[in-house]
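Structure first, then comments.
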Amino acid sequence: MRVVLLGTAAGGGFPQWNCVCALCAAARDGKLPTRTQECVAVSGNSRDWWLLNASPDIRTQLVSTGALAPGPGPRETPVRGVLLTDAEADHVMGLTILRGGPDLRIHAAPPVLETLAPLRAMLDRYARWDWADSLTEGGFVLSGGLTVSARPIGAKVPKYVSAAAPPAADDRWVTAYRVEDLATGGVLVYAPCVAAWTPTLDGLLATADCALLDGTFYTPDEMGTAVRSSHGQSAMGHLPVSGRHGSLAALARHPGPRRIYTHLNNTNPLLDPDSSARAQVTGAGVEVLPDGAEFTV
Ligand code: MLT
Ligand code: MN
Ligand code: ZN
């Protein structure tokens, strides 16, 4: 299976448009590589490509990726659809850019499909898409020789979902995907939104050849120290990389698969290749890759 990291930053990208923290300033000065918002493309046959999430930067990401170029017919595209892990704005707004794309299939868990109902109604006016339940019993098959199963891993609800009538806690709000290449047996695990480590993630990691994981924050207080959040909120909703209970400690139990952090927030010291944070992660055998990185699983 071919995997392309189209974007590797958290919501807002890197640098973030309205941020002058030291990291964003360094990116603006060309001293650190910039990153677009988190999104991945996978293919089992190099002809049928499936997007993992649809970032607001999807247009730039598709245009700059040769494998995803349209043609040879006037409106042909190798993009077959999108697998959503959640309903966060930075993972779904790219669907509006793809509007009118013919015959796309979108997989998402039931709470995500429900919350996107207004957006779906809008998009279906441009081209009728096939909206499918990602948690369907037995998983599902993607053209190009990939088989997929989704697993519920979190109850994090997007900010735009009504606070007046909060939804019941439901761990299907956030899912992880296990994508297997039927021909080679290669397994990619994709979990860019991890609020807490769960046995489900241990199970997924145990059979993975490669795991793409939530690396949003390095420390839990990052948002509080780099920029004062207007809501006084901390790094809630994303398990930090570091610390005794952080994701790096959990990953130490799974030395087998290739492990890569993605969805890096603009406050994360991992963005700087010369940081001690990056040395720590690299020393533990876990990777941070640039936008556009392509590899085979
Ligand atoms: C998240 O990953 O926590 C969200 O995408 C935050 C946001 O709304 O940008
Ligand atoms: Mn996000
Ligand atoms: Zn910043």
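Here are a few things to note about the model shown:
- Over the stretch 80-127: Kirkwood hydrodynamic radius from C-alpha pairwise inverse distances, Å: 10.8
- DSSP-defined antiparallel bridges as percent of all bridges, the stretch 105-256, nearest 5: 65
- Rolling a 1.4 Å probe over the protein heavy atoms leaves S247 with an accessible area of roughly 10 Å².
- With at most 14 neighbouring Cβ atoms within 10 Å, loop GluC sites (Glu not before Pro) (DSSP) excluded, longest segment of the chain: 138-297
- Residues of the stretch 264-291 with amide N under 15 Å of a point placed 7 Å along Cα→Cβ from A252: 280-286
- Contact order, relative form, for the stretch 126-266: 19 percent (alpha carbon pairs under 8 Å, 6 or more residues apart, mean separation divided by residue count).
- Rounded to the nearest 500, the helix-only mean residue ellipticity at 222 nm of the chain stands at -4500 deg cm²/dmol, with each DSSP H run of n ≥ 4 adding -39,500 (n - 2.57).
- Share of carbon and sulfur in the accessible area of the chain stands at 54%, probe radius 1.4 Å.
- Taken over the stretch 89-188, the convex hull of the Cα atoms encloses 110 Å³ per residue.
- Gyration tensor (alpha-carbon) shape descriptor, the chain, a/c threshold 1.5: rounded
- All-pairs Cα distance distribution in the stretch 1-86, expressed in whole percent, bin size 5 Å: 3, 14, 22, 20, 15, 11, 8, 5, 1, 0
- Look at the alpha carbon pairs under 8 Å that are at least 6 residues apart: their mean separation over the length of the stretch 1-147 gives a relative contact order of 21 percent.
- Our analysis of the stretch 115-267 gives Rg over Rh at 1.00, with the two radii drawn from alpha carbon positions and Rh computed by the Kirkwood formula.
- Given the chain, longest segment not containing exposed loop chymotrypsin sites (Phe, Trp or Tyr not before Pro) (DSSP; at most 11 other Cβ within 10 Å): 18-159
- D221 exposes around 80 Å² of accessible area when a 1.4 Å probe is run over every protein chain in place.
- Taking trypsin sites (Lys or Arg not before Pro) across the stretch 152-182, the ones in a DSSP loop with at most 13 further Cβ atoms lying within 10 angstrom of their Cβ are K159.
- ³J(HN,Hα) computed for each position of the stretch 20-30 - Karplus, 6.51 cos²θ - 1.76 cosθ + 1.60, integer Hz, glycine/proline x: 10, 4, 4, 5, 4, 4, 5, 5, 5, 7, x
- Beta bridges assigned by DSSP with both partners in the chain are antiparallel in approximately 50 percent of cases.
- Probe 1.4 Å - accessible area at T219, Å² to nearest ten: 40
- GNM flexibility winner over the chain from L84, L213, L98 (Cα, springs under 10 Å): L98
- Under the combined filter of DSSP loop state and at most 13 neighbouring Cβ atoms within 10 Å, the stretch 1-87 retains these trypsin sites (Lys or Arg not before Pro): K31, R47, R75.
The values are calculated or read from the model by the stated rules, or taken from the named source; none is laboratory data. Here the structure is a predicted model, which is why all the values come from computation and not from measurement. With ideal geometry, Cβ positions are generated from the backbone for all residues, glycine too; neighbour counts draw on all protein chains shown. To get the accessible areas, we keep the full protein, side chains included, count just its heavy atoms, and leave off ligands, DNA and RNA. Shrake-Rupley method; radii C 1.70, N 1.55, O 1.52, S 1.80 Å.
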